[in-house]
Structures are given as structure tokens and as C-alpha cells.
Amino acid sequence: MTDALFAIALVIAGTRLDLPPAELDRRFEAECVDGRWAPDCPAMRTQLEVALYADLRELGTARAAVDRETLRAAAAANFPPLAELALRRLERIQSPEDRDVVLAAVEHPAPAVREVARRQLEAAEPEWKAKQGRWWHSSHRQGFEALVPDAPPDLAAMGLGALKAVRFRAFASGDERSVFTTKMTPDQVIAAIGQGRKVFTGAQLGDAPKQQKALEQSMADVQKRVQAAMARGDMKAVQEIMTSVAQQQQETMKSAEVFAIRPVKEFTADPASIRYLQVPADKRGRTTTVAVARDDGFGETVVVVSPY
């Protein structure tokens, strides 16, 4: 267990210092408060949080009371085991201060912390569940694996380096997508990343399955017509059918992009106002799909980025 905890700590801090407690307190006070943040501060903060985690576990074993102010401070920790333990000790939201901490924790990089925060928010605020909570995305990770923090998304690697002033929403994101909110309008987002690329609407995506089914039926009909013409020995008719098929395939290529895009089910806006486009993510031809719309639950524009 100790090895697993230190492995998580290394993920966060990048280095491990193992300073004596007195020196740790002295250096942290001198280098990491009042606007100061030295290169060793992340490692020192993590060492302090690991020590506090051990203290809270001991107090829990002894069934000793811990004041809520201490628990709130611990719940705001970067070290996931400490944040998760402190949230569980808080049990539920009892004050505005509790709510602020839990709202921050639902955006924590570690899925286990987000999960505890989500349960407390949904129990205390049905409105949050109905609005922002419907965007919840489970990581499906368990145990220590759920305590390992997720890596932050890299907009430049997604081909979206031009997208600025956005907030990553960890609780709505996962391996299949990254969700951001912004005060920019959908038009401003599209202008920043569109670069003249074709933009589809949610209404067009809604029509895509019908179009694809009609296309498949049309191709089946063409095959029957070709077989009938060949059976008659009418090669002129075969040639005319094949010319028609070639023209149809050209039209199909224009729709291929929209067929590949998956709609974002959480959007409640009018489908015609939801924008979708695909942007190149790298030089190997891979694309990123971006969905953009105003969302009443967040009260802002939501940008959903998917690796397909």
C-alpha cells in the first residue's frame, strides 16, 4: 500500500524529496507561501499531503473527531488519497464552505475523488444533477487505479492550439472525449478553430442515418439492376448503370464526413444550433471531432473534443 501511495505522489510531484518534518515545514513556509513557488514546492506540498493523509487515517482508526475546516483543507489537496479520504469524512454538504470544496473536488484529476464529490453534490443539489450532472462521465476505474490522476488534455496535440480561454471539465471527460466550457460564443469558437472547414449541424447528423440507409438500399437496387442487365446481355445498360453509380459515389463522398461524426447526446439545444466539425490533429491524417453549442446547464458554451 505504501509503495502505491508513493507512486501516486510521484505522478503528481514528479520528484520525491523525503525531507525531515522540521526542515519540510521550514522550507515550505519560506519557499511556497505568500506568492512564492520554488521548483521544489510541488514535491514538498505532496510530502506534506502524504503526511496529513497518514494522520487522518490514524485519527479515523482511533475514531477521533476532526473539525470540518481541517477536512475541507484536506479535501482540496492535490494528493488524491488525501482528498478522497477527507471528502468521505465530510460525508455530506452542510455549509456553503463545504459546497465550494465539493464543487472544486468534482473537477479533481483523480476519478475516485470526482466520484465521491459527485455523490455528495447529487444528494445535496438535485438541480446540479439535472443541469451539470447529466454531463457526468464515469472512468470505470476502481481501487488504487481510480486514485491515479488523469493527465490534462493537450489542446495543441488535438489540433486546437488556437482555442483559448477555455476551462477543462474533468467530471464530464474521459478517454473518449475532453469537455471544455468557455464564455466565448459558439460563433467565436468556430471562428477560432474552423479555418474555412466545413461545419455540420446537429440536424444534419440526425438525418445522416436515414441518408446512409437510403444509400445502402440504393446500392442494393443497383446491384439487382446490373445483374438483370447482364442476364439480358445488355452491356449498354450496364455501362449506363455504372456511370450512374460513379456519380452517386461522388455524392456519397461529400456525405462521408457527416456519417463518421457521433452526436453528443448531452446537448439539449436545438439540433440546428449545435455545430460539428473535424480538424486535423497531426500530420498522419488523424482528425479530431469538435462539437460546439450553448448549454443551459453550464450557462456557457460547451466544446466537446473527441478523437474521431
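Bear in mind that the values in this text are calculations on the coordinates, not laboratory data. Just so we're clear, the structure is a prediction, and the values are computed from it rather than from any experiment. Cβ sites come from the backbone with ideal geometry, for glycine too, and all protein chains shown count toward neighbours.
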Only one of (1) within 27 Å of VAL305 (Cβ to Cβ); (2) surrounded by fewer than 22 Cβ atoms within 10 Å (Cβ to Cβ) fails for ALA73. Which number is that?
-> (1)
State the number of residues belonging to the range 37-65 that are out of contact with any Phe, Trp or Tyr (no Cβ under 7 Å at 6 or more places or on another chain) and over 20 Å from LEU85 (Cβ atoms).
-> 7
